[in-house]
Amino acid sequence: LIAMMDRHGMTISSHCYSHEWIDTLSLKEFETDLDNSLAFLRSASIDTSRWIMCYPYGCHPFKAPLEKHIEMMKARNCLMAFTDHGGTADLFNDDRFMLPRTDTNELPITP
């Protein structure tokens, strides 16, 4: 199913493997989770040479600094990462690893 979605133009990327709050994981646990997530994507023939992170639970509020996490993601060719801070990302001015996004649950439902 994931490979079919990819073939039809959907962007498939990481939401981590275990979907844990990132700040509850040690850096080693986060690294392992990140690698497991990317391995899963590769097993579904998803290109991980340039991928996007969508933080589990939006990483807000985030108690720990993200610098080391972002370094790990950059080392694995992550292009950008989305939070759940709401709003529209400004790709020219926003930090590309803390981009806001609108949750689909916040979108209006029209008949």
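Things worth noting here:
- The relative contact order of the chain comes to 23 percent, based on Cα pairs under 8 Å that sit 6 or more residues apart.
- Top positive-direction residue, dipole computed over segment 1-74 with Cβ charges, set Phe40, His8, Ile22: His8
- Accessible-area composition of segment 1-83, carbon plus sulfur, in percent [1.4 Å probe]: 56
- Computed per residue of the chain from DSSP H runs no shorter than four, each worth -39500 (n - 2.57), the mean residue ellipticity at 222 nm is -8500 deg cm²/dmol.
- Given charges at beta-carbon only (K, R positive; D, E negative), |dipole| of the chain in Debye: 300
- Value of Rg to Rh for the chain (Rh from inverse mean 1/r over Cα pairs, i.e. Kirkwood): 0.97
- Accessible surface, segment 9-110, averaged per residue in Å² (probe 1.4 Å): 62
The values are calculated or read from the model by the stated rules, or taken from the named source; none is laboratory data. No experiment lies behind these values; they were computed from the predicted model shown. Every residue, glycine as well, gets a Cβ built from its backbone with ideal geometry; the counts of neighbours run over all protein chains shown. In case anyone asks, the SASA skips ligands and DNA or RNA and just uses the protein heavy atoms, side chains included. Shrake-Rupley method; radii C 1.70, N 1.55, O 1.52, S 1.80 Å.
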